[in-house]
Each structure stands twice: as structure tokens, then as C-alpha cells.
């Protein structure tokens, strides 16, 4: 496989230290399930995707609207830059965004894809009826949304009963939108498989990039670092950064352990949080800069007044990234940089595989279950009960005050 990723981090970790952490990983990995997502072809029927989707493609919809949130949509957002249709993610019922999608997307030019394996996601169920007059293709396997789609005689493809944030790239969840969006999913899956062959743990193999980053994160976690702050310098990388944020936070954050992922687009973040990273308190955040060597389109910039001659927009952005990385190191801030050499199907597949492998290795080093999220439904349950009980704003506030007085009584 031609590697399209470069990883640079400081301080470096010696070979002997790396081997010590590999031993820790080997001791812990049998506590948890094997990474199913490295088995690329077992959870999808590509021929069935094409059979169901080709009639939709024959009418060439201009817009693709996805109703989904979290793991149901994050991988598609990582692939957004490769899509050849106008893509509108509807991740909740926030009225401004919902109104804008309805204004821009007519039923005649749009395909709507609601996604929820269990069919109980409020963010999807609260918006689906708004698109009742639109052509739909559902991705679900059970629950109220599944029943709704069945009643409406809308075609449905199944979603596997797996950890959604890890399963999307190898299942209908991301592959159906990718195919409808014009991505060659056969090439994408082959590229994923090649990447995982590189990132799998093997007995006689150099310590790969994903393992190196996982160890780097774990070393700093042991020193008290609790936040990995992603700084994507290309808009093509923002969806993948969101995938990293979800996977590290939701996968490692349990049993009073874990590291949070956060992000803000760069170089905007240089003007909002960099002062804290450089001059504020230390030991809590690892800055992680993401760049790309090339983009499908660049812009030439020639401006002698500002010393910008024979430049391009991307070159200037990458100069800013390199300077920021160097500035962080001068202040003894442990930092990392990831570079994706090209924005292609192969490149994005390698990036997704790298993210998922890194998080798996990091969680095993922490010795926590990488694939579950036992408490994430707590808020969902509270919300559903409040809606069904028709509780007023004041009643909901009273509930919070009562709970807080009980839970924080010692304070």
C-alpha cells in the first residue's frame, strides 16, 4: 500500500518504550472483542446496495439529505468532500438548519435518507415527517422509525447491530450515501482493506502509525492530559476530525477514564485558543494539527504589498500550520501533526482506517471497552419521558434543581 499519511509528534518515544506499551497492549487485548471493523466485507452486500440505489440514480437527484446523528452520519461527513451531489446533513430538529434545507431542496430534486439502527433516535424521528413528501430510502432494522418506513412502503436497507461509530464505513450506514453521492465504493472498500492490513497488530511487523499515535496519547494520558484538540487546516478534513472527536470521546470515556476529543477549524483556532495553549496552563491538552499536501482546487495568490508572491492559498495555510506547530514546541507543549497527502478515495479510506485503529489501540491500552457506550442513552431517555409527559419548562427546571441538590449535597 502506498501510504498517504504522515505523522509527526514530539516529544518522540524511544523504541524500547514503544515495545513496553506493545506488551501492555498484548496483555489487555484479550479483555475485549477483536476490532470487527477491520473485517471489511462481512457486514455489507455491495450488489444489494447497487440494486436498490441504481433506480434512484437514474433520476439523477441534485440533493442528498441525510437524517441522522452521531455514528449514523459522521463517516459520511468525513467523505463529504468526495461527494458529487449537494449534501445536506440534518442531525437534529434545530429550526434554522431545518428551514434552510427545506428551502434549498425540493422533493423533485432530492433523495432523503433517514438512518437509525434501533429506530428510536429522537433527532431523526422529530424531522422525518417534515420530509414526508420527499423520495426516501431508509436505513434501519427495528423500532418506531422502521415501523414508520414500513407503513409508508419506503424501501429499507438493514443496519448491523454493531457499534455504529465504527461500523458505518463497512456497512450500509455510510456506503449507501457514498454510492448515491457518486463515490466508487468498490475502490473505497479495497482501500480500507489495504489500510487495515497495514494497521493490524502483527507479530513481526514494525509499529505502525496508528499504534504510534495511540501510544503517544496514552503516554500523555498517564501524565494527566485529558483533551486532544484537533486543528484541521483543510475543510476536507473537518468531517474526519469530527469522527476522531466522537470515537476517542465515546470509546475511551467510561469507568472514570478517557480522553476527550475537541476541535475547531484552523487557522481560525489560532486566533481563539492558541494563546491559552502557548501561554496558559499546561498539561491538559494535546494540540493535534491536521493538514493536506494537496487539494482538488487551489487558488494562486500574488500580492507584493504583503510579501505574497508566487504563492497559493494552500501553501499559505500550510505555512501557518507549520509555524503554529513550531510555536507550540518552543513553549514545550507536546503536539502532533498529521498530513494527508491527497484528497482522494484512497486517501480518505486510509484516514478513516487510521482513526479507527488508533482509537481501538488507545482504548485497549487504557483497558476499557472500545465499542460500547453504556451511558449515552441517559439523556435520550430523560428527553423522551419529558416529551411524552408534556412537562413544562418550569417543571423540567424544577427536576434539575432537585437532582442537583441531591447529587451535590456534599458541596
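Just so it is clear, none of the values below were taken in a lab; they were calculated from the coordinates. Note that this is a predicted model, so its numbers are computed, not measured. When we count neighbours, we look across all protein chains shown, and the Cβ atoms used for this are built from the backbone with ideal geometry, even at glycine.
Ellipticity at 222 nm from helices only: DSSP H runs of n ≥ 4 in the chain, each -39500 (n - 2.57), divided by the residue count, give -14000 deg cm²/dmol. Using 0.36 nm per residue and subtracting the Cα-Cα separation, the extra length available between residue 2 and residue 226 on full extension is 77.3 nm. For residue 391 and residue 19, a Förster radius of 51 Å and the Cβ-Cβ distance give a FRET efficiency of 0.35, rounded to the nearest 0.05. Neighbour counts of C-beta atoms inside 10 Å place 315, 397, 29 in the sequence 397, 315, 29, starting with the fewest. Going from the residue with the fewest nearby Cβ atoms within 10 Å to the one with the most, 1, 145 rank 1, 145. For the chain, what is the relative contact order in percent, using Cα pairs closer than 8 Å and at least 6 residues apart in sequence? Averaging sequence separation for qualifying contacts and normalising by length gives 21 percent for the chain. Candidates (1) 1.18; (2) 1.09; (3) 1.04; which is the computed Cα Rg over 2.2 N^0.38 Å? Calculated Cα Rg over 2.2 N^0.38 Å: the matching label is (3). Among 96, 51, 12, the largest mean-square fluctuation in a Gaussian network model of the chain (Cα springs under 10 Å) belongs to 96. Under 11 Å from a point placed 7 Å out from the Cα of residue 313 along the Cα-to-Cβ direction: which residues of the stretch 217-244 have their backbone N that close? Those under the cut-off are 235. Between 298, 86, 45, the Gaussian network model of the chain with springs among Cα atoms under 10 angstrom shows the greatest mean-square fluctuation at 298.
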